[in-house]
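Peer 1: Quick one: this structure, given as structure tokens, is what I'll be asking you about.
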Amino acid sequence: MFVAQSLPPYGYRCYRIEPAAGGGDAPLRAAPGAVSISRDGVRLENDRLRLLIDPAKGTIQSLFDKRAGREAVPPGGSLNRLESYESGGGGGAWHFGRILSMEALEEPVSLRVVESGPERATVEFKRRFRQSPITQRISLAAGSPLVDFEF
């Protein structure tokens, strides 16, 4: 992953990709606030956020904003909890009637680290809902105040 830094407003800057000094596989310099990830993939952290993941359910147990000094997950709560809703009343794909039932997707998930560079860290969850496989990736980039979710 390449992060363009020091871009002028309403302008452009040219970047040249060259082998690192000393040649070979020497790593490039990490951006300020490089992201780190635990070996098991349950903790992602940069200079702005710390994210703790429940590896059995694929939910986020803690999202701590370091700059605000505040936890975003209420006690006993979680983020990224996937749910399936069945509604009645018909009317097409964009018209929802009364909710008849809700099913939380809390089946066990498999978790693996798919990216662990200094610029971005990504974990991948795989789970099933009925007969359908669901793959989800959660990423945190260096210096970013955002958590990215991809299905």
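Peer 1: Can you find a residue that is aromatic (Phe, Trp, Tyr), open to solvent by 60 Å² or more (accessible area, probe 1.4 Å), within 17 Å of the chain's Cα centre (by Cα) and within 21 Å of ILE37 (Cα to Cα) anywhere in the stretch 55-64?
Peer 2: no
Peer 1: Which residue out of PRO145, PRO108 is under 30 Å from ASP47 (Cα atoms), outside any strand (DSSP E or B) and open to solvent by 60 Å² or more (accessible area, probe 1.4 Å)?
Peer 2: None of the other options fit; the residue is PRO145.
Peer 1: In the stretch 85-128, how many are under 19 Å from ILE60 (Cβ atoms) and either of a type outside the set (Lys, Arg) or touching a residue at least 40 places away in the same chain (Cβ under 8 Å) (or both)?
Peer 2: Number satisfying all stated conditions: 20.
The values are calculated or read from the model by the stated rules, or taken from the named source; none is laboratory data. Owing to the predicted nature of the structure, the values given are computational and were not obtained by experimental measurement. Quick reminder, even Gly has a Cβ in these numbers, built from the backbone with ideal geometry, and neighbours come from all protein chains shown. Heavy atoms of the whole protein, side chains included, go into the accessibility calculation; ligands, DNA and RNA do not. Shrake-Rupley method; radii C 1.70, N 1.55, O 1.52, S 1.80 Å.
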